[in-house]
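Asks: Right, I'll just put the structure down here and ask away after.
The values are calculated or read from the model by the stated rules, or taken from the named source; none is laboratory data. Fair warning: this is a prediction, and the values are worked out from it, not measured in the lab. With ideal geometry, Cβ positions are generated from the backbone for all residues, glycine too; neighbour counts draw on all protein chains shown.
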Amino acid sequence: MRYDVCIVGAGPEGLAASILLARSGMKVIVAERATHPGGRCTTREFHPGFRASPFGDELAPIPAPLFWSLGLAQAGALFLPAPASVAVWPDRVDVLGPQECEALDRTTHGMRDAALVHAEAQARTPIPRYLRFLRHRAAQAPWPGAELGDTSLAERFLTTTADPRRQAHLMARALEGRSTDPFLSGSALHLLAPGRGGSGTVAGGLSKLADTLADTARAAGVEIRCGADVVEIRRKRGRVCGVSFADGNDLAARSVISTFDVKRTFLSFFQWNTLPEELTRAVSTFRFCGSTARVLLALNAAPDLSRAGAPEALRAPIHIAPDIQDFAFAHAAWRANTIPKHLPITVRVVSAADPSLAPTGAATMTLTIGSVPNRLFDGAWTHEKRGQLRNHAIARVEQMLPGTLARIQAIQVIVPPDIEEELTVTEGDLWGGEIAADQMFDLRPGLGERSPRTPIKGLYLAGPSTTAGVLGTCASGAMAAYAVQADMKSGRLS
Amino acid sequence: MIELRATPFHVRAAALNRSNGWIARNSATLAICYSDIADEALAARARVAVADISWRWRVAFEGPRASEFLSRLLTRDSAQLVPGIAFKALWLSDGGGVRGAGALARYGRESFRLVSAASDSEWIRRAALQFDVRTRDTTTEEGGLAIVGPCAKALLSGAGLEPDLERLAFRRQFWRGLDVTISRWGEHGGYELWCGADDCVALWDRIMRAGAPFGIQPVGLAAMDILDVEAGIARPWRDWQPAGDALAQAPTPASLSLESLIDESHNDFNARAAWLNARAKETHKLVAIELDSLTPAPHTLLTANGQPVGRTYSSFYSPSLRRAIALAQIETAMLDVPLSLTVPATFEDPALRTVMARVVKAPLLPPVEQLAPRS
């Protein structure tokens, strides 16, 4: 049987793409290595009665028109935006209410929405072959938000407020779980990335979103094949003709959408020596920045944050970042492959927003730690080194939220190599590549074709290595679907 | 003169109302919102929310002919109602216009209570006198709390109440010194707790204490209005004007899409003939619509192919659907036609733009019970 489209990876991007394509009448299959669809949208029980999403609590927003067309709310996916943003110090709590957050984010959210419209226009417009050479050299309309490419985060926040602690708070919101030098030009591009007041958490955990998308996809006629490990994307006469699975089976498809990052896609699914040299060079020079560690904590009671003076503070992300300079020091430590002394940590009491994640009266807390290297200078992550990171992080939390340590019942530590192993993301980088001026917009992933198209005919890239993947959840999948539809219509895939 | 009164929970609501925004409904002063409207509306879908519903008009009927009177008044036969159960019904003016809608609960053989979103005390009192039925307005004698959300049942159970009730059932319970009535008459899948006005502060404190592990959140009237529109429920005076005149023919039950509250086999309710006569002639229907916009458009003209086909009533931004929604009355023939209306581009930018809208089936979201957390 020949499919119109084979989508590799049943994360939110792949599932969104499959729904849009199936609804347009195409025969679509989604191949997923794991036993359940979801990818990074996974929620597990890490201790009896305590559940958390191991790879992140919040999602970037799903663009509103896409959210509407997927019908996610009607299918039961309920997004819970953070009601505030909180930063704590031993002697102070800084709370940004929803109106303040909205006012701070209005400009960059506008840029993000406009950039997504730009990305959609690109995806929907196939470039005729005879024009491709000229179009690449013709003046392109600038991407909305491109001006952030020559601005630093420090520059932005130092002019927003004179309060150094408020500056640190804003920096922590912008960089949650990531690593960059905030004084570096182009670091302001992180303001477009997820993790700062996006769609928020999902009631029931992120797996609820994955389940909803999977159910919607099946209802649209998509075949979701779990436990199907794609090992090769096959080509015939230079164009994609299907995929091969680890069990030896093949599948024929007119086009393939890969939701993996650019390195995994080109260096794992193809024999690299059969690809054009400039393509392999572009792929291998694309930089990744795995820097996120997660600690899941089962507590016998929620921590006390009454000093914040706002009951919703416990449902908000609580940032621990004493000083703006700490982010620069943390990034320097990350570059040296060491664990930073002042770990930037974001604490979330996820069960406060969603009581289904913990037994009644208990609490599930997660720590998202930035600037944690994928490899340490003295070797791989060992049990002892994980223990050191855990103790270091918990000591920081105890300092800011006294009494947390005594409430801990169970702990699980997830470091970048765990993310790499489980999600098959290069260097454990959840953002699919470093966010920098030379790796954004038309330069992401910078393969010579504007994403989601690739130099290999019939192969499309969704996922975080594309600009749309940085800007919003499901967006890169939608862009890939629009590109496939446009190319089918124009005859490029015939 | 406008009469305004504080509800029995006002002292607690005032302490928590950080926005200090108040609104009057049914002459009661209520919090618009306590902190953030969207956050409160989501609390009712993700956790548990508590709302002051003391503003609802409540009237007790007693007397040997109470059942006969209520069967005559309401569009369902109260004789079929057993104690401990309620039904929802309308009462119509002599001309067939809807005067009110509410839940009638049977407390005993000769004892009933009617709960409604709008008062119609004088008309009903006069009608009851014809049947020697005693009426007593209990609105200010007791207060009520709505407990809504997927954790509502677990909260009440943990607090020592007995929440195993069918929809529309109710039960009186002596709850650690408080005489409370627990009911399930609401449209949002939750529970209501009623008690004497003097006990209301204690009731509030107990519920807030018991709800703390579930992230209980007090919600204001603005969030409850959002839940109403998400459920496709229109309210008198907010969305439609009740028939004030005894002979008024409008609004008809069909124009408000309330015909499901009429029992067709019930032959002798007031204005049945007028209802049957108007039913076939009705050209408009009340529906829920969703807008391709984030900005709500209350009381706005709806057009189809350039022609006016109806107008919106309440319209809000739904944080669950992440779009603006509305209740609207439109021509029955235009239910499947794409609609358009003009809205401001954003809250800050008053320039109008045209957006599309379409009729959707109510409720717009799955009922809250279906979101109940795993056991």
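Asks: Exactly one of these conditions fails for residue A:31: (1) part of a strand (DSSP E or B); (2) closer than 26 Å to residue A:291 by Cα. Give me its number.
Replies: The single condition residue A:31 does not satisfy is (2).
Asks: Just checking, which of A:356, A:258, A:351, A:306 is among the polar types (S, T, N, Q), more than 14 Å from chain B (Cβ to nearest Cβ) and farther than 20 Å from residue A:417 by Cβ?
Replies: A:258
Asks: Going by what's in this entry, would residue A:165 be described as in contact (Cβ under 8 Å) with a residue 40 or more places away in the chain and in a loop (DSSP other than H, G, I, E, B)?
Replies: No, not satisfied.
For every residue, the table says whether it meets (1) in contact with a Gly (Cβ under 6 Å, 6 or more places away or on another chain); (2) part of a loop (DSSP other than H, G, I, E, B); (3) of a type in the set (Phe, Trp, Tyr); (4) farther than 29 Å from residue B:365 by Cβ.
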| position | (1), (2), (3), (4) |
| --- | --- |
| B:18 | no, yes, no, no |
| B:23 | no, no, no, no |
| B:44 | yes, no, no, no |
| B:50 | no, no, no, no |
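Asks: Related question: In the list B:93, B:54, B:67, B:78, which residue meets the criterion of being crowded, with 21+ Cβ neighbours inside 10 Å and without any contact (Cβ under 8 Å) to a residue 40 or more places away in the chain?
Replies: When all the criteria are applied, what remains is B:78.
Asks: Right, another one. Please verify whether the stretch A:233-255 includes one or more residues that are among the hydroxyl-bearing types (Ser, Thr, Tyr) and more than 14 Å from every other protein chain (Cβ to nearest Cβ).
Replies: Checked the stretch A:233-255: at least one residue is among the hydroxyl-bearing types (Ser, Thr, Tyr) and more than 14 Å from every other protein chain (Cβ to nearest Cβ).
Asks: For the stretch B:58-68, indicate whether the set of residues that are within 17 Å of the chain's Cα centre (by Cα) and under 27 Å from residue B:264 (Cβ atoms) is non-empty.
Replies: Yes.
Asks: Any chance the stretch B:345-357 includes a residue that's more than 14 Å from chain A (Cβ to nearest Cβ) and within 29 Å of residue B:89 (Cβ to Cβ)?
Replies: Scanning the stretch B:345-357 turns up no residue that is more than 14 Å from chain A (Cβ to nearest Cβ) and within 29 Å of residue B:89 (Cβ to Cβ).
Asks: Right, another one. Condition check: touching a helix residue (DSSP H, G or I) at 6+ places or on another chain (Cβ under 7 Å), closer than 29 Å to residue A:174 by Cβ and within 14 Å of chain B (Cβ to nearest Cβ). Does residue A:364 satisfy that?
Replies: Answer is yes for this residue.
Asks: Here is a further query. Exactly one condition in (1) surrounded by 20 or more Cβ atoms within 10 Å (Cβ to Cβ); (2) among the polar types (S, T, N, Q); (3) more than 14 Å from chain A (Cβ to nearest Cβ); (4) over 18 Å from the mean Cα position of the chain (by Cα) is not met by residue B:217; state its number.
Replies: Among (1) surrounded by 20 or more Cβ atoms within 10 Å (Cβ to Cβ); (2) among the polar types (S, T, N, Q); (3) more than 14 Å from chain A (Cβ to nearest Cβ); (4) over 18 Å from the mean Cα position of the chain (by Cα), the lone unmet condition for residue B:217 is (3).
Asks: Looking only at the stretch B:117-156, filter to residues that are touching a Pro at 6+ places or on another chain (Cβ under 8 Å) and closer than 24 Å to residue B:92 by Cβ; which one of those is nearest to the other protein chains (Cβ to nearest Cβ)?
Replies: B:117
Asks: Then there is this: Inside the stretch A:275-302, can you point out the residues that are within 13 Å of residue A:455 (Cβ to Cβ) and either without any contact (Cβ under 8 Å) to a residue 60 or more places away in the chain or part of a loop (DSSP other than H, G, I, E, B) (or both)?
Replies: A:275, A:276, A:277, A:280, A:281
Asks: Pairs only if they're at least six apart or on different chains, beta carbon under 8 angstrom, first in the stretch A:212-229 and within 17 Å of residue A:73 (Cα to Cα), second of a type in the set (D, E, K, R); list them, first residue then second.
Replies: Pairs found: A:220/A:23.
Asks: Of everything in the stretch A:322-338 that's outside any helix (DSSP H, G or I) and at negative phi, which residue is nearest to the other protein chains (Cβ to nearest Cβ)?
Replies: A:322
Asks: Go over the candidates B:11, B:48 one by one and state the one that is more than 26 Å from residue B:260 (Cα to Cα) and within 14 Å of chain A (Cβ to nearest Cβ).
Replies: Of the residues listed, the single one that is more than 26 Å from residue B:260 (Cα to Cα) and within 14 Å of chain A (Cβ to nearest Cβ) is B:48.
Asks: Next question. Looking only at the stretch A:90-104, filter to residues that are away from every other protein chain (no Cβ under 12 Å) and surrounded by 17 or more Cβ atoms within 10 Å (Cβ to Cβ); which one of those is nearest to residue A:404 (Cα to Cα)?
Replies: Here the residue is A:93.
Asks: Looking at the stretch B:24-45 only, could you name the residues that are more than 14 Å from chain A (Cβ to nearest Cβ) and touching a helix residue (DSSP H, G or I) at 6+ places or on another chain (Cβ under 6 Å)?
Replies: The answer is B:30, B:31, B:32.
Asks: Say we look at the stretch A:403-441 and pick out the residues that are over 25 Å from the mean Cα position of the chain (by Cα) and touching a residue at least 60 places away in the same chain (Cβ under 8 Å); which of these is surrounded by the most Cβ atoms within 10 Å (Cβ to Cβ)?
Replies: Step by step, filter the stretch A:403-441, then rank; the result is A:404.
Asks: Now, a different point. Going through the stretch A:323-366 one residue at a time, which ones are charged (D, E, K, R) and touching a residue at least 12 places away in the same chain (Cβ under 8 Å)?
Replies: The answer is A:323, A:326, A:341, A:348, A:354.
Asks: Within the stretch B:358-375, take every residue that is at the interface with another protein chain (Cβ under 10 Å from one of its Cβ atoms) and at pLDDT 85 or above and give me the one that is nearest to the chain's Cα centre (by Cα).
Replies: The selected residue is B:363.
Asks: Now, a different point. Please go through the stretch A:75-89 and give me each residue that is closer than 12 Å to residue A:312 by Cα and either of a type in the set (Gly, Ala, Ser) or facing another protein chain (nearest Cβ under 8 Å) (or both), ordered by number.
Replies: Correct list: A:81, A:82, A:83, A:84, A:85.
Asks: Within the stretch A:309-321, restricting attention to residues that are at pLDDT below 90 and within 14 Å of chain B (Cβ to nearest Cβ), which residue is surrounded by the fewest Cβ atoms within 10 Å (Cβ to Cβ)?
Replies: Ranking the candidates gives A:309 first.
Asks: Test each condition in (1) surrounded by 23 or more Cβ atoms within 10 Å (Cβ to Cβ); (2) over 29 Å from residue A:125 (Cα atoms); (3) more than 14 Å from chain B (Cβ to nearest Cβ) for residue A:160 and report the one that comes out false.
Replies: With respect to (1) surrounded by 23 or more Cβ atoms within 10 Å (Cβ to Cβ); (2) over 29 Å from residue A:125 (Cα atoms); (3) more than 14 Å from chain B (Cβ to nearest Cβ), residue A:160 is out only on (1).
Asks: Kindly indicate which of A:371, A:356 is surrounded by 15 or more Cβ atoms within 10 Å (Cβ to Cβ) and in contact with a His (Cβ under 9 Å, 6 or more places away or on another chain).
Replies: One residue alone meets the criteria, A:371.
Here's the yes/no breakdown for (1) within 23 Å of the chain's Cα centre (by Cα); (2) crowded, with 24+ Cβ neighbours inside 10 Å; (3) in a loop (DSSP other than H, G, I, E, B); (4) within 13 Å of another protein chain (Cβ to nearest Cβ):
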position: B:158; (1), (2), (3), (4): no, no, no, yes
position: B:163; (1), (2), (3), (4): yes, no, yes, no
position: B:193; (1), (2), (3), (4): yes, yes, no, no
position: B:213; (1), (2), (3), (4): no, no, no, yes
position: B:228; (1), (2), (3), (4): yes, no, no, no
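Asks: Grab the strands (runs of 3 or more DSSP E) fully contained in the stretch B:284-332, keeping just those with 2 or more residues being within 14 Å of chain A (Cβ to nearest Cβ) and either over 23 Å from residue B:260 (Cβ atoms) or under 21 Å from the mean Cα position of the chain (by Cα) (or both).
Replies: Where strands (runs of 3 or more DSSP E) fall fully within the stretch B:284-332 and carry at least 2 residues being within 14 Å of chain A (Cβ to nearest Cβ) and either over 23 Å from residue B:260 (Cβ atoms) or under 21 Å from the mean Cα position of the chain (by Cα) (or both), they are B:284-291, B:307-318, B:323-331.
Asks: Answer yes if at least one residue in the stretch A:194-212 is assigned to a loop (DSSP other than H, G, I, E, B), surrounded by fewer than 24 Cβ atoms within 10 Å (Cβ to Cβ) and away from every other protein chain (no Cβ under 14 Å), and no otherwise.
Replies: No; the residues of the stretch A:194-212 include none that is assigned to a loop (DSSP other than H, G, I, E, B), surrounded by fewer than 24 Cβ atoms within 10 Å (Cβ to Cβ) and away from every other protein chain (no Cβ under 14 Å).
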